[in-house]
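Working notes, beginning with the structure itself.
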Amino acid sequence: MSTNQHGFSDTAFVITETVPLKSNNLSHANAVEYGDGGQTSTTRCSDDEECPYLSDTGHNSGNNSKHVASIRMFGSISLLVNELVGPGMLDFPATFQRNGFIPTTLVIIVIAALSAKISLNLANVISMLPGNSNFAKEVEYSQTFEHFFGSRASVLTQLIFFGSMMCLMVASIVETSQIVDAFFGNEVQSIGIQFSPTIKIVTWDNNECDLEENVDACVPFADAGGSKILTLGYVLCALMFLPIGRLSLEGNMFWQEISFVLMLLCCIQFVYEFCTEGFDFPQNMPLWSENVNWQNLIGVTLFNYAIVVAIPSWLYEKSPDVGVSEAITYSCTISSTMYIVVGAFGALSISDVPPNVLSVLSSGEMGSMANICSSMFTFFSIGLGIPLFSVLMRLNLVGSGFCSETVGQHLTTTLPWCISWLLYQGKIVEHLMSWGGMLLSLIIIVAPLYLACCIAFSENDLQGSILHISGRWAKLTEKVELTVLSVVAAAVLILALHRQS
């Protein structure tokens with residue numbers, strides 16, 4: 001029998017007997033030896049029994065009190081939709097206009113279905129872990145791979161998870177800070193402290209901003225060259241979002257629900273403004289463009305469906321009466337509807353829509369209400385996504401036993417805010433989004449699908465609580481379905497990564 005080592009902060013647990021899954025290197029724990037105070041004992045556990053190496057009190061609890069899952073359906077949808085909808089939605093009006101209504105809508109629907117199915121498969125795999133059919137154990141993303149593939153897989157997924165989320169978090173910090181500076185520059189002026197080559201106070205306003213002739217002048221402090229500047233917008237964002245990032249996932253739910261409601265209201269306002277501008281069909285948006293850029297279309301859409309990264313943490317915190325399938329389906333449906341409606345209406349109403357439709361909405365040409373809503377959307381949608389990145393990264397680090405809570409706090413909140421201001425100027429955000437997107441594709445598509453396929457094609461009869469697969473034909477159907485999903489995912493990923501390169 002093979003032996004795996006699982007080390008956690010409170011008590012050391014060692015799996016001493018495993019039953020290998022035939023046809024691959026997976027192994028499912030069947031017996032656990034654990035020690036406390038110099039004594040050891042062995043507990044045998046099946047899929048329906050509790051195993052002690054999976055915590056039911058949470059790694060961050062600091063006590064032995066029983067964990068209470070409290071995120072209800074509205075909070076679940078808010079959290080998952082916020083993970084789906086972000087700055088990427090602003091690209092869809094231009095995407096609809098370039099490629100046409102039918103191909104863009106088709107790609108959104110296919111990738112939404114792919115993302116939902118992968119999320120359900122990951123949830124089903126997590127429910128296969130001993131004693132976790134009702135998600136009573138804290139099982140984070142990397143911890144799932146450690147259980148089936150060992151510690152090396154855990155370390156690899158941890159590095160990719162942390163790297164991709166860090167890239168996207170730093171990019172979001174810079175983008176949100178620039179939006180706040182732009183808001184002050186539009187009203188009066190924004191200020192900052194320049195640290196190199198000399199220390200001095202600098203200011204910026206949008207007097208020279210011209211969306212047609214001088215777009216660079218619309219970016220706050222872009223004329224500072226390579227100077228290191230700590231801006232007013234950056235300081236205000238840090239004061240608001242850094243403390244929220246130190247909260248637990250449950251503590252973040254109030255802010256995530258506010259973000260969800262405001263995002264819906266802003267999108268309704270955007271659609272209203274588009275309607276008042278009038279539509280020009282098919283001049284502004286054809287049904288099917290003669291030159292569909294499939295690489296760009298799939299690339300833009302794919303990285304707007306990163307719901308998978310939030311699934312493990314959410315499963316542990318959700319209330320038992322919240323259906324996993326329902327919450328994931330509702331969230332993907334709401335997000336896809338917002339993408340299609342805002343994207344199509346924006347494409348129909350604005351001729352030659354820029355890549356970021358907020359540049360039009362915030363310019364004042366569509367009224368003061370559109371300007372206010374565009375600032376609110378950016379601040380609350382992108383901004384409140386920053387602490388969510390922090391929480392998910394920290395839960396994966398601490399929950400998987402890689403570091404203590406204190407170290408996790410510094411790695412996921414202090415570190416990104418300390419380095420982001422150094423990258424405020426230049427094209428670094430584009431590179432971070434590119435690299436973060438490529439790494440993220442491994443986390444949201446490749447790894448979960450590979451794990452689900454390994455389990456499905458093994459001869460071990462593991463059953464999850466989400467997808468009820470029993471009988472020969474049901475299992476065969478599942479294998480065919482996973483094969484088709486893998487082929488579609490591979491095609492989507494190749495096109496997306498080719499676009500990134």
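Derivation of every value follows stated rules applied to the coordinates shown; laboratory data play no part. The shown structure was predicted, so the numbers you read here are calculated from the model rather than taken from an experiment. All Cβ positions, glycine included, derive from the backbone under ideal geometry; neighbour counts span all protein chains shown.
Worth pointing out:
- Rounded to whole Hz, the Karplus (6.51, -1.76, 1.60) HN-Hα couplings of the range 339-356, x for glycine and proline: 4, 5, 5, 5, x, 5, 5, x, 5, 6, 8, 10, 7, 6, 5, x, x, 10
- Rg/Rh ratio calculated on Cα atoms of the range 300-393 (Kirkwood radius): 1.04
- Length released on extending from Thr477 to Leu265, taking residue separation times 0.36 nm less the Cα-Cα span: 72.2 nm
- Distance (nanometres) between label positions extended 7 Å along Cα→Cβ at Ser470 and Val235: 6.4 nm
- Normalising the Debye intensity of the range 91-131 to I(0), with uniform scatterers on Cα atoms only, and taking log10 at q = 0.35 Å⁻¹ returns -1.04.
- Inter-label distance for Ala222 and Ile102, nm, one decimal - labels placed 7 Å from Cα along Cα-to-Cβ: 3.8 nm
- Applying 0.36 nm per residue to the separation of Val110 and Gln295 and subtracting their alpha-carbon distance, the gain on full extension is 65.1 nm.
- Each Lys or Arg adds one and each Asp or Glu takes one away; over the other residues whose Cβ falls under 14 Å from the Cβ of Met73, this sums to -2.
- FRET efficiency, Phe457 to Leu415 (Cβ-Cβ, R0 30 Å, nearest 0.05): 0.15
- Averaging 1/r across all pairs of distinct Cα atoms in the range 233-302 and inverting the result yields a Kirkwood radius of 16.4 Å.
- Each pair of Cα atoms in the range 86-190 enters the Kirkwood radius, and Stokes-Einstein at 25 °C and 0.890 mPa s then converts it into a translational diffusion coefficient of 139 µm²/s.
- Rounded to whole numbers, the Karplus 3J(HN,Hα) couplings from phi for the range 309-315 are 5, 8, 4, x, 5, 5, 4 Hz, using 6.51 cos²θ - 1.76 cosθ + 1.60 with θ = phi - 60°, and x at Gly and Pro.
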